[in-house]
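Read through the structure below, which is laid out as structure tokens, and then see the notes.
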Amino acid sequence: MDADKTPHSYNAQRNSERASGSYVVALAGNPNTGKSTVFNALTGLNQHTGNWPGKTVVLSQGKYICDGLVFELIDLPGTYSLLAHSMDEQVARDFICFGNPDAAIVVLDATCLERNLNLALQVLEITNKVVVCLNLMDEARRKKLHIDVDGLSARLGVPVVPTAARDGEGLELLVNKVAEVATGRLITNPHVVSYDDEIEQAIAAIEEQLQNMTGNNFNNRWLALRLLDRDQTVIEKLEQWLAAKQTGNRVAASRRR
């Protein structure tokens, strides 16, 4: 990734990318789910790598075309969680939240869904622009595992596409669903985790304050949860974003004079 490209800079260029028919897609998943195979199959030779700004984490980026639109695929570090206990988790979480991608693909291992769904639910708390890639279906069939894909999609509230990326199985449907979500042709209704009344009241109160500060730029419910957890890394990112917004407002005001 270019040295001067931060999650916040993606917000600034999103409108111009949409205007030119280009969209940014985050690719997330647990290690050993075949995420890199999905990335390589979709992007082919149209890929490169770079360090995350200020971090030692290397990200792969690539491009593919669907329905005449260009999609920039960002291969996030493989993680089991987005709670930012490690640098990889923090980079993945920050991009999905503060990078504001047009869509996110969450790659799951069809042979061990229970372990993988934790990450999927965490991503769904951040963004509703999600397509679940149920990968390694060939392995699941070998193990005689039956997965109710439609039922899983209904429970999660987002598209679930079964794939076997090594053989190219399901990838055409995957990119089509991503295009529908990224362009807004498909509106998802993701599962939302509910908490007890006291926590929900606290979330609502913080959400209202965040709405006044950030508008609809982020998922304010998720930010409220992280603030309740006193997640210092999220607090720092939010402060950076607000400072950048304030600077942008001052520059815009001076130009109008």
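The values are calculated or read from the model by the stated rules, or taken from the named source; none is laboratory data. Predicted, not measured: the structure shown is a model, and the values here were computed from it. Glycine gets a Cβ as well: all are built from the backbone with ideal geometry, and neighbour counts include every protein chain shown.
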Among (1) in a loop (DSSP other than H, G, I, E, B); (2) modelled with pLDDT under 95; (3) crowded, with 22+ Cβ neighbours inside 10 Å; (4) not aromatic (Phe, Trp, Tyr), there is one condition GLN122 misses while meeting the rest; what is its number?
(1)
Which condition from (1) closer than 20 Å to LEU173 by Cα; (2) not in a strand (DSSP E or B) is the one that GLU72 breaks?
(2)
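Using the structure shown, decide if ALA92 is modelled with pLDDT of 90 or more and over 18 Å from the mean Cα position of the chain (by Cα).
Details: modelled with pLDDT of 90 or more: yes; over 18 Å from the mean Cα position of the chain (by Cα): no.
No, not satisfied.
Pull up region 170-188, narrow it to residues that are free of Cβ contacts under 8 Å to residues at least 60 places away in the same chain and closer than 15 Å to LEU108 by Cβ, then point me to the one that is surrounded by the fewest Cβ atoms within 10 Å (Cβ to Cβ). Break it down into steps so the answer makes sense when it comes.
The first filter runs over region 170-188 and keeps only residues free of Cβ contacts under 8 Å to residues at least 60 places away in the same chain, leaving 170, 172-173, 177, 180, 184-187.
Those left that are additionally closer than 15 Å to LEU108 by Cβ: 170, 177.
Details: GLY170: 18, LYS177: 21.
This residue is GLY170.
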Evaluate region 220-230: report whether one residue or more is modelled with pLDDT under 90 and of a type outside the set (S, T, N, Q).
no
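Between SER81, SER86, SER60, which is among the polar types (S, T, N, Q) and buried (at least 17 other Cβ atoms within 10 Å of the Cβ)?
Details: SER81 fails: buried (at least 17 other Cβ atoms within 10 Å of the Cβ); SER86 fails: buried (at least 17 other Cβ atoms within 10 Å of the Cβ).
Just a single option satisfies the conditions, and that option is SER60.
Among the residues of region 100-110, is any in contact with a helix residue (DSSP H, G or I) (Cβ under 8 Å, 6 or more places away or on another chain) and over 15 Å from LEU27 (Cα atoms)? Walk me through it before giving the result.
Step one: list which residues in region 100-110 are in contact with a helix residue (DSSP H, G or I) (Cβ under 8 Å, 6 or more places away or on another chain), which gives 100-110.
Narrowing further to those that are over 15 Å from LEU27 (Cα atoms): 110.
Taking every residue of region 100-110 in turn, at least one turns out to be in contact with a helix residue (DSSP H, G or I) (Cβ under 8 Å, 6 or more places away or on another chain) and over 15 Å from LEU27 (Cα atoms).
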Look at region 189-248 and say how many of its residues are surrounded by 15 or more Cβ atoms within 10 Å (Cβ to Cβ) and of a type in the set (Gly, Ala, Ser).
3
